[in-house]
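Here's the structure we're looking at; comments come further down.
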Amino acid sequence: MATGKNPLFDTATTLGKLLLFLGVSAICGVLVAGLLVPAAAVSGNTASGSIQFFETLPAELQVDPPSQSTTILASDGSVVANLYAENRTRVSLEQMSPYIKDAVIAIEDSRFYEHGGVDTTGILRALVSTARGNKQGASTITQQYVNNVINSSLESEGKGDQVLLNGVNKGVGDKLREMKLAIALEKKFSKEQILEGYLNIVFFNRDAYGIEAASKFFFSTTAKDLTLPQAALLAGVVNSPSFYDPITNPENAKVRRDLVLKAMLSQSKIKQADYDAAVAAPVETKVTQPRQGCAYSSTAPYFCDYVLHLLLNNPAYGADADARLRKIFRGGLTIKTTLDPNAQAVAQAQVDGTTGANPDKWGASLVSVQPGSGKIISMAQNTQFLEAEGKFNNVINFNVDMKDPKGNDLGGLGGFQPGSTMKPFTFAEWLNEGRSMNTILNGAVRKYPLNFKWKNTCPTPVDGAYNTAEKALGAADDLQNADEDHYRNMPVLEGLYNSINTLTFATAAQVDLCGIQKIVDAVGIHAGQTNEPVPMTRLSNLIGATQTSPLTMASAFATFANDGKYCEPIAIESVTDQTGAQLPAQATSCRDAIKPEVSRGVTYALQEVLNRGSGALIQPRISTRTSFPIAAKTGTNDPNNSTWVVGFTSGLATASWFGDALGAQDRFGRNLTINGKFYKAVDGYMIAGPQFSNFMAQVAPAYGTNPFPAPPSNMVTGPAPAPVPVPRATIPANPNPNPAPAPSAPANPAPAPAPSTPPSSPATAPPAP
């Protein structure tokens, strides 16, 4: 049932208009009396009561900085991404065109420099106009600023449902409060400060808050460079941003713009010739659509997303998730990261070139860290963060963990089976116990039954066995190597550089498994999905069964480059708020993990991987004749769907990965075609290898390729093995023909086809449970 209007208060009638006029006039009388006349000097109960009511209203307005965009920067200061709830960039009055200042004052508050926050003349004029049937606003710029500040504070506090809008949900009490706050504000701030605050906070469009963002959005310019027609148009938009939107309603926008110009002319802010030229100008926009969020990062969307997760997980940025979101997306933060955009460009070009069109959606990733600091230099993968037709679309980060140690989401997939890249840590314990890397062990042993006597001083019992005869009791099949030529006696060193599974187990059988565990823990290796330790007493982990993230592996190998000191990976160098105050970031945090002499011994052995072992065909070179000191380890899991090369120079450690990122249990890396080339079985050196080598050849020299310190002579009993010559130019071809250059980086080495028979022995790790 419809509710009828009382004719006494129907503003459509003459009587209603009169009553409205008298009623609002009374309110204005209360306002003026309350502001200008001391309560003790007013006689009469009515006047006294009105003043007492007015005096109960708040007189102070907390003017906090309005919501501003947060910017994520690379290490060189270039922009990685912008984050915001309201697209706003604060600028000073001096950074604004005089036209916009004059235009806004002319159309919104011509008596701005004459009143004290509330324009009683304007109020009376509006009352008369309204009584005549022509609705007219009377809010001054100061009042509008007050209203915007209040609403901005509510939004920042997550109280958007309490926002008050003129003519919608604002009552008489709200209007009185606004008036009193406006007058108080005028006593506290200068007119220039109020005008600057207003122009920085006012709403123009859902993608443009404040005059700088509006100038960029509508005209692809700055507030300082606005022309007269542009400034007049934006000043007109403020009254009704949707109705006067020059993109969707250009005719309305022109009418309003010309009204602004007429007001400027009548108030002598422009000359007749300026007016005539501006009115004759068409309404033309040149929109720059803001790109908000990591998804729109053109350089490093996954690294950006990782940084965002780190901040959202940090209680220093708010007591809960909502508070942190507000802080990050409204706080106007400047976040400087460790990302090197030049290295990032090379990494992205490599992973994109590795798989090409990639209809079967095989994954490829590269991540690099700096030894000695833990700074993440680059982080790339061959997927599209923003959905694109015909592309491998994915928002999950291949390079990082699924969760942090406290169980917070990191946006990562949680890693992949590292395969033989875990073998150096067994080798490290061998050296740590004072043994020589040239000790001969029996690589023909393939059976390790359930009752095998492993040395283990840790409380965690040994789990697993390799003995086909005991499969019914839970044992795995006998250990396998990649070929029949390596079931023989050989030095421990050869077992590592040729990646022989049976030699890794022969090595582990003579050392304390607990010692391997301590080294693995010390270099930061953990399960990528749970962040729990990788139990090295579970024998399958000796050859890499537990999913581990590429970032974890790169950081672990950086320990060898840093003479045994492990540094936690960091991505955020500094964070400042809009006032310039420093907020918590990430600092370098390193610890002693491996004895320096042991680290040097492992590094020596890993150089041999590239000199004459499983990575001999992927030795990075900066020319056809020149290489640099570099060490690495290849890795492949049993289904050939997780393949790696992890390696380092003195200044850079990199994990290169290729395989199945979809998690299909039955998707083996066999009999497949990648970028036009058929592979019977993918091994680490074949695809992840050239991806690693091409990247390091271009980027590593910029970070230092100093010679590695030699290990103690007693670790290498007798003369050091001489490198066996291999065809250096036979790096398997990376399909990307034009990798992006890095500063001071050499050209990509000339590629040649890989041999059909792999020289390495992939780890035979069963799928992780």
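The values are calculated or read from the model by the stated rules, or taken from the named source; none is laboratory data. All values reported here derive from a predicted model rather than from experimental measurement. Please note: Cβ atoms are built from the backbone with ideal geometry, for glycine as well, and neighbour counts cover all protein chains shown. Surface accessibility is based on the protein's heavy atoms, side chains included, excluding ligands, DNA and RNA. Shrake-Rupley method; radii C 1.70, N 1.55, O 1.52, S 1.80 Å.
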inquiry  = Can you compute the FRET efficiency between Phe243 and Glu568 using 1/(1 + (r/R0)^6), with r the Cβ-Cβ distance and R0 = 41 Å? Round to the nearest 0.05.
reply    = 0.15
query = Relative contact order, percent, of segment 187-257 when contacts are C-alpha pairs under 8 Å separated by at least 6 residues?
reply = 21 percent
task = Using the heavy atoms of the protein chains and a 1.4 angstrom probe, tell me the accessible area per residue for segment 307-387 in square angstrom.
result = 32 Å²
message = Report the gain in length on full extension from Thr579 to Asp320: 0.36 nm times residue separation, minus Cα-Cα distance, nm rounded to one decimal.
response = 90.9 nm
key: Largest to smallest accessible area among Tyr198, Tyr679 [probe 1.4 Å]   = Tyr679, Tyr198
remark   = As a Kirkwood estimate from alpha-carbon pairs, segment 459-541 has a hydrodynamic radius in angstrom of 14.3 Å
query = Counting only the heavy atoms of the protein chains, how much of Arg667 is accessible to a 1.4 Å probe, in Å² to the nearest 10?
reply = 50 Å²
Accessible area, probe 1.4 Å, largest first, for residues Ile622, Ile183, Ile572 = Ile622, Ile183, Ile572
request  = Check each of the trypsin sites (Lys or Arg not before Pro) in segment 460-549 and keep only those in coil by DSSP with at most 16 other C-beta atoms within 10 angstrom; list them in order.
outcome  = Arg488
request  = Would you please give the FRET efficiency between Leu450 and Asp485, computed as 1/(1 + (r/R0)^6) with r the Cβ-Cβ distance and R0 = 22 Å, to the nearest 0.05?
outcome  = 0.15
remark   = Heads up, segment 411-452 by the C-alpha gyration tensor (a ≥ b ≥ c square roots of eigenvalues; a/c under 1.5 rounded, else a/b over b/c prolate, else oblate) looks oblate
task = Quickly work out the Lys677-to-Thr227 label distance, labels modelled 7 Å from Cα along the C-beta direction, and quote it in nm with one decimal.
result = 5.5 nm
message = Please report the spacing between the Cα centers of segment 664-680 and segment 499-521 in Å, no decimals.
response = 31 Å
inquiry  = Looking at segment 340-417, I'd like the Rg to Rh ratio, where Rg is from alpha-carbon atoms and Rh is Kirkwood's inverse mean 1/r.
reply    = 0.99
query = How much accessible surface area, in Å² rounded to 10, belongs to the heavy atoms of Leu473 with a 1.4 Å probe?
reply = 130 Å²
note = Gyration tensor on Cα atoms of segment 551-676, a ≥ b ≥ c root eigenvalues, a/c under 1.5 rounded, else prolate if a/b beats b/c, else oblate, says oblate
inquiry  = Tell me the relative contact order for segment 206-298 as a rounded percent, counting alpha carbon contacts under 8 Å between residues six or more apart.
reply    = 31 percent
ask   = FRET efficiency for Thr530 and Leu259, Cβ-Cβ distance as r, R0 = 60 Å, nearest 0.05?
value = 0.40
query = Of Asp274, Asp404, which has the most accessible area with a 1.4 Å probe, and how do the rest follow in descending order?
reply = Asp274, Asp404
query = Taking a ≥ b ≥ c as the square roots of the eigenvalues of the Cα gyration tensor of segment 536-600, is the shape rounded (a/c under 1.5), prolate (a/b larger than b/c) or oblate?
reply = oblate
